[in-house]
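K.L.:
I am attaching a structure below and will ask some questions about it afterwards.
Bear in mind these aren't lab numbers, they're just calculated from the coordinates by the rules spelled out. Predicted, not measured: the structure shown is a model, and the values here were computed from it. Note that each Cβ is placed from the backbone with ideal geometry, even for glycine, and that neighbours are counted across all protein chains shown.
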Amino acid sequence: MAKLNIVYNRHCGKAASAYMPLFDTKQAQITHSFHSTFEGYAPTPLAKLENTAKHLGTGSIFVKDESHRFGLNAFKALGGSFCLGSYIADRLGRDISALSYSELTSEKTKSAIGEITFVTATDGNHGRGIAWTAAKLGQQAVVYMPKGSAAERLENIRKLGAKADITDVNYDDTVRFAKQQAEANGWVLVQDTAWEGYEKIPTRIMQGYLTMALEAVNQLDGKKPTHIFLQAGVGAMAGALAAFFRDVYGFEPKIVIVEPDKADCFYQTAKADDGSIHSVGGALDTIMAGLACGEPCTIGWDLLRHCADAFVSMDDTVAANGMRMLACPAQSDDPVTSGESGAAGFGAVAEIMRNYPQIKANLGIDRNSTVLCFSTEGATDVENYRNIVWYGKYSDK
């Protein structure tokens, strides 16, 4: 049996985070309208795993499949594009809600703002999104990746015209290195984690993620989830989506945050419950590379402290089993190609339903429940995906 631990959040719903209005339905509509002007925009699929849900003992399971996003195999371009678009809008003295993709890419805009170099640290997906957006907007991107990053992810970023390298330090130290390079070279740091004095850009990246949440609400067509599982790395996506869903649905759905046990900074912070943010150091060695972050985004934590019902810390086997089940779901359910980080939320659902009856009871997941998960990436590291899905690597059997 895979290892999974949970801590329940006594602060959920007791007060509102000051950041919540930044991630409401109105903002999601602005973000979605912006993305809809991009070439190739289309809502990503929402897979309904009806037979798999019955097999696991719940009513419905829906999985938002972000492997189809802009041909980039992950959701991260949503944040990068909205952030870079907003930055350029500021330079032009315009409001992002009135600025389309065609205007952003025009010669008039390029002439007005000149050449900008955007720099970021990433495990792969965020950096690929920044590189893609920079190329689309005729700008430059520099991307740094932490030690152990997959060569395939590095090459995918370089193919988009960005300068990209793998460092010899972990993710959080790579963020610090990117910040140093931005300051030394006059570049613009576009990081999806926030700290004191650095909040505007991360907020806009987080707002960019609202497009996929609004799509999911529209695709559910009035069906209200009882449980929403969101994976957290730095907590930017999880925090933004949790705040949005609270605005849409109130505090009825249970929102559960999942993390790898080697990088479970939100779980540790919630467990300590002492008013301080707790970081996790070391190698952060997990197959869930997109979640291998040891220091919480301050905005993300503030939102999740008020919006999340529970925090889960789990070993790599949970995500690996989730990948295999999504690749080969029950009966006629549509398969979902989900990478290590993408399958984390669904993997946690499956593990709880199969092997953790007390957690299942505490969360109130039963045959009447409707569960929503987000597969945030496809097979972004094909070799590792095959090793897990085809050959059973990281199996608990």
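K.L.:
So for the chain, averaging the separation of alpha carbon pairs under 8 Å that are six or more residues apart and normalising by length, what relative contact order in percent results?
P.N.:
The normalised contact order for the chain reaches 25 percent.
K.L.:
Longer than 20 Å from Cα to Cα, which of Lys26/Lys48; Lys3/Lys360; Lys3/Lys254; Lys64/Lys159; Lys76/Lys163 are they? Say none if no pair is.
P.N.:
Lys26/Lys48; Lys3/Lys254; Lys64/Lys159
K.L.:
First select every other residue whose beta carbon is under 9 angstrom from the beta carbon of Thr167; then total the charges, Lys and Arg +1, Asp and Glu -1.
P.N.:
Overall, the nearby charge balance is -2.
K.L.:
Going by average Cβ density within 10 Å per residue, which order do the peptides 251-264, 225-238 take, highest to lowest?
P.N.:
225-238, 251-264
K.L.:
Separate question: In percent, what relative contact order does segment 77-201 have, based on Cα pairs under 8 Å that are 6 or more apart in sequence?
P.N.:
25 percent
K.L.:
While we're here: I'm spelling it out carefully: the read-out is mean projected area of the Cα convex hull in nm², the candidates are (i) 17.6; (ii) 21.5; (iii) 24.1, and one was derived from this structure. Which label?
P.N.:
The value matching this structure is (i).
K.L.:
Multiply the residue separation of Lys54 and Asn5 by 0.36 nm, subtract the distance between their alpha-carbon atoms, and state the gained length in nm to one decimal.
P.N.:
15.2 nm
K.L.:
How large is log10 I(q)/I(0) at q = 0.12, 0.23 Å⁻¹ when the Debye formula is applied to the Cα atoms of segment 299-393, each weighted equally and without solvent?
P.N.:
With one equal scatterer per Cα and no solvent, log10 I(q)/I(0) is -0.43, -1.24.
K.L.:
So which trypsin sites (Lys or Arg not before Pro) in segment 1-59 end up in coil per DSSP with only 10 or fewer other C-beta atoms within 10 Å?
P.N.:
Qualifying residues, ordered by number: Arg10, Lys14.
K.L.:
At 1.567 mPa s and 4 °C, plugging the Kirkwood radius over alpha-carbon pairs of segment 121-252 into Stokes-Einstein gives what diffusion coefficient in µm²/s?
P.N.:
80 µm²/s
K.L.:
Distance between Cα centroids, segment 41-85 to segment 314-358: provide it in whole Å.
P.N.:
What the calculation gives is 14 Å, centre to centre.
K.L.:
Place a point 7 Å from the Cα of Arg94 along the Cα-to-Cβ direction; which residues of segment 199-219 have their backbone N under 19 Å from it?
P.N.:
204-205, 208
K.L.:
In what order do Met1, Met212 fall by count of nearby beta-carbon atoms within 10 Å, going from fewest to most?
P.N.:
Met1, Met212
K.L.:
Now for a different question. Got a sec? Which residues in segment 177-199 would a label at Glu115 touch, if it sits 7 Å along Cα→Cβ and we count backbone N under 17 Å?
P.N.:
In segment 177-199, the label zone of Glu115 (backbone N under 17 Å from the point 7 Å along Cα→Cβ) covers 185-188.
K.L.:
Highest GNM mean-square fluctuation, the chain, Cα pairs closer than 10 Å: which of Asn125, Asn384, Asn170?
P.N.:
Comparing Asn125, Asn384, Asn170 in a Gaussian network model of the chain, the most mobile one is Asn384.
K.L.:
Shifting gears a bit: Give me the extension gain from Gln181 to Ala18: residue separation times 0.36 nm, minus the current Cα-Cα distance, reported in nm with one decimal.
P.N.:
Separation in residues times 0.36 nm, less the Cα-Cα distance, equals 55.5 nm.
K.L.:
Let me ask something else about it. Enumerate the helices in the chain for which the Kyte-Doolittle hydropathy averages -1.0 or more and the C-alpha atoms extend at least 18 Å along the helix's axis, using complete DSSP H runs.
P.N.:
Helix filter hits for the chain: 77-92, 236-249.
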